[in-house]
Amino acid sequence: MTPTSTNIFDTIIIGGSYSGLSAALTLGRARRHVLVIDANEPCNARVPHSHNLLTHDGVPPHVLRTKARADVAKYPTVQFLDGRAEQLGGTDGAFTVRSSDGTEHRGRKLLLALGVRDELPPIKGLAECWGISAAACPFCHGYEVRDQRLVVIGNAPENVHYAKLIRNWSDRLTLCSNGPSRFDNEQHEALRKQGITLVENPIAEVLHEQGQVKALLFADGSRRDADTLFLRSDTIIPKALTEALGVERTELGLLKVDPMQRTNVPGVFASGDCTTPMRALSAAFASGTMAGAAITHELLPE
Ligand SMILES: Cc1cc2nc3c(=O)[nH]c(=O)nc-3n(C[C@H](O)[C@H](O)[C@H](O)COP(=O)(O)OP(=O)(O)OC[C@H]3O[C@@H](n4cnc5c(N)ncnc54)[C@H](O)[C@@H]3O)c2cc1C
C-alpha cells in the first residue's frame, strides 16, 4: 500500500526551481501550507553565469537558486521534498501526488513548474558545449560574445530570422544548415545582404575543450573555427504527468495557461518555462509570482 503523508497541503508545487520557488515565496507569505517537490535538474544547470536579470546580472545560476531556496525556507508553512513527482491524480480541492520515494501527498491545488528538457540535434560534441559555449538566447548570452566568431546552427526557415537577430551582436557570423539548406531565394538574399555566410556542409563534430567550442568539423573534412554556437533546441515536457490530469497544450507543446496561470483543469496551475517560449529567469519569477497570487485567491473561503 502507498504511504500517505498526513498533511493536506493548500498547494503542491512540482518543480522547485526559479518559477516554483517564486510561487512558493508568494504562497508562504500568504501563510499557505505548501509542499515543493523538486528533482533538482534545472535547464540552466551547466551555465557558468546568468545574465539579463536585473540586480543579479552575471551571477552563477546555482548561487541564485541557493539564495532563492533560502528566501523561501524562512516561511514555516513551506516544506520541501527532494525527489520526483511521478503520478498525479484527483480533482480540484483533493489532488494526489505520488513522489519517487513512494509516498502519496495530498493538496488542494497543484502548480506545475516543471520547466522543459532541451533536446539538441545529434551532433557529436554539441551536448558537452550546451550551456557553456552553445546557447539559444542572445539576450542572455550575446553581449559576452560580441564581435566574436559566432555560428548559428539550423535549417528551418525561421533560422534566417534567428541569424539576423544574432547578427546584432557580431558581424563575424556563419549560418550552418547542416545539410542542403531549405531556405528560399528571398532568404538567401537576406543572408547575403546581412553579410551572413551560409555553410551547407553536414557537421561531423563540434570540436571543443571542456565545453568551450573551438571549431566545427564538417563531413568533407573541412573545419571552421568558432567561439560560440547559437541554436534553438527542441523543448520537451514529458507527457505522462500532465496527460493524467488532462492539461491542454499549446501548438508549441507547452502547457496552456490563461493570464492568471490557470490551466484548463480546475485547480491546476502552471508557470515558468513549461508555459512560455520566452525563457528567462525574470519571466519564470514573474509567472511564479502570478501563480502564487492567483492560487491564494482561489483558496479563499467561499
Ligand atoms: C543553456 C541555458 C542558458 C540560460 N541562460 C539564461 C540567462 O543567462 N538568463 C536568463 O534570464 N535565463 C536563462 N536561461 C533560461 C532560464 O534558465 C529559464 O527560463 C529558467 O530556468 C526557467 O525556470 P523554471 O523554474 O521554469 O524551470 P527550470 O529552472 O528548468 O526548473 C524546473 C525544475 O522542475 C523540476 N522538475 C521537473 N519535473 C519534475 C517532476 N516530475 N518532479 C519534481 N521536479 C520536477 C526540475 O528538476 C527542475 O528543478 C537559460 C536557459 C538555458 C537552457
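Each value in this text was obtained by applying a stated rule to the coordinates, not by laboratory testing. Treat the numbers as computed from the prediction; the structure is a model and nothing was measured. Every residue, glycine as well, gets a Cβ built from its backbone with ideal geometry; the counts of neighbours run over all protein chains shown.
Numerical summary
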{"item": "Taking only Cα atoms of the range 51-117, radius of gyration then Dmax in Å", "result": "15.4, 42"}
{"item": "Residue-by-residue Karplus 3J(HN,Hα) for the range 51-57, coefficients 6.51, -1.76, 1.60, Hz, glycine and proline x", "result": "10, 6, 10, 4, 6, 10, 5"}
{"item": "Sparse-neighbourhood loop sites, GluC sites (Glu not before Pro) in the range 78-176 - DSSP loop, at most 12 other Cβ within 10 angstrom", "result": "none"}
{"item": "Calculated P(r) of the chain - Cα pairs past 25 Å, %", "result": "53 percent"}
{"item": "Aspartates and glutamates whose Cα lies under 17 Å from that of Lys67, excluding same-chain neighbours fewer than 8 positions away", "result": "Asp38, Glu41, Asp57, Asp82"}
{"item": "For Cys176, distant residues with modelled amide H under 5 Å away", "result": "Val152, Ile153, Gly154, Val199"}
{"item": "Top of Thr55, Thr66, Thr276 by mean-square fluctuation, Gaussian network on the chain, Cα under 10 Å", "result": "Thr55"}
{"item": "Loop-located trypsin sites (Lys or Arg not before Pro) in the range 1-93 whose Cβ has at most 13 other Cβ within 10 Å (DSSP)", "result": "Arg31, Lys74"}
{"item": "Cut-off under 5 Å, modelled amide H: who pairs with Glu205 long-range", "result": "Leu217"}
{"item": "Fully extended contour minus Cα-Cα distance, from Glu144 to Gln194, at 0.36 nm per residue", "result": "15.9 nm"}
{"item": "Reachable aspartates and glutamates from Lys214, criterion Cα separation under 17 angstrom, eight or more residues apart if same chain", "result": "Glu128, Glu144, Asp147, Glu205, Asp225, Asp227"}
{"item": "CD proxy at 222 nm, helix term only [per DSSP H run n ≥ 4: -39500 (n - 2.57); per residue of the chain; nearest 500]", "result": "-7500 deg cm²/dmol"}
{"item": "For the chain: relative contact order, % (alpha-carbon pairs under 8 angstrom, 6 or more apart)", "result": "22 percent"}
